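**Q** I am attaching a structure below and will ask some questions about it afterwards.
Only the coordinates and a few stated rules stand behind these numbers; no lab work does. The structure displayed is predicted, hence computed values, not measured ones. Every residue, glycine as well, gets a Cβ built from its backbone with ideal geometry; the counts of neighbours run over all protein chains shown.
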Amino acid sequence: MTRLSGPALALAALLAASPALAHPHVFVTAKAEMVFDAGGALTAVRHIWQFDEAFSAYAVQGLDANNHGVLTRAELAPLAQINVDSLAEYGFFTWLTVDGASVDFAAPSDYFLDMYGGRLTLFFTLPAASPVTIAREAVLDVFDPEYFVAYEFVTDAPITLVDPPRGCGALFYPPPFLDQATAAALAAIPADERILPATLAGAAADLANTIVVTCGG
């Protein structure tokens, strides 16, 4: 694997210091797909995460190997590898339950990075460890409980169901707005303190983007 150093390595992992001075340090615009097989079982969650411009500019420093001013998918491939490897430690900030039972994921697949409008965009698929049939309800939560990364789903089609069984539908529930006092307290936490104090952990844990899929009436 190509070795990266400096800010590219630190920010690709989403774990180290960023140019921002307050929690959250990285902002992601997201959308998701939930993929079903021919038998109607849920097989995977596909993510598209577009990082903010400041993060993107900082993370790609030194990656334009041929100095032609355009980052190719091949040039970004080592960074994509570091991202998915690092995110594994945090469960990819993705939690899925089906009919009340937690669903485990296999190793990510089909992952790559591209640049769109000056913003680094990560595409990756999280296969379910085994296909699972939704009898009643699946709940997908995407968020960082330590609020180092802030996720905001697009308003236009935040969730897409790919080949779902007849009768399945999805609703998206955005996180609540932070009150001014809590936002200020989070903003005062420096970048090198990833773990939130107990007094703020509960507030951050409430900031999940939640997708509810119902099937079977």
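**Q** Of the peptides 115-127, 97-109, how do they stack up when ordered by the mean number of other Cβ atoms within 10 Å, highest first?
**A** Values: 115-127: 17.1, 97-109: 13.7.
With the highest mean Cβ count within 10 Å placed first, the list reads 115-127, 97-109.
**Q** Let me know the charge dipole size of the range 132-217 about its Cα centre in debye, to the nearest 20, where only the beta-carbon of Lys, Arg (+1) and Asp, Glu (-1) is charged. Numbers along the way, then the final one.
**A** Numbers: 3 positive and 11 negative charges, 71 e Å.
My answer is approximately 340 debye.
**Q** Please work out whether the range 6-214 counts as rounded, prolate or oblate from its C-alpha gyration tensor, where a ≥ b ≥ c are the square roots of the eigenvalues and a/c under 1.5 means rounded, while otherwise a/b larger than b/c means prolate and anything else oblate? Provide the component values of the computation, followed by the final result.
**A** Values: a/c = 2.04, a/b = 1.24, b/c = 1.64.
The shape class here is oblate.
**Q** With just the Cα atoms defining each centre, how far is the range 44-106 from the range 144-193? Give it in Å.
**A** A separation of 17 Å, based on Cα centres.
**Q** Relative to the Cα centre, what is the charge dipole magnitude of the range 6-214, using +1 at the beta carbon of each Lys and Arg, -1 at the beta carbon of each Asp and Glu, and rounding to the nearest 20 debye?
**A** Magnitude of the dipole: close to 220 debye.
**Q** Any idea what the relative contact order of the range 6-214 is, in percent, if you count C-alpha pairs under 8 Å spaced at least 6 apart? Walk me through the numbers on the way to the answer.
**A** Numbers: 423 pairs, mean separation 61.4, N = 209.
Relative contact order here is 29 percent.
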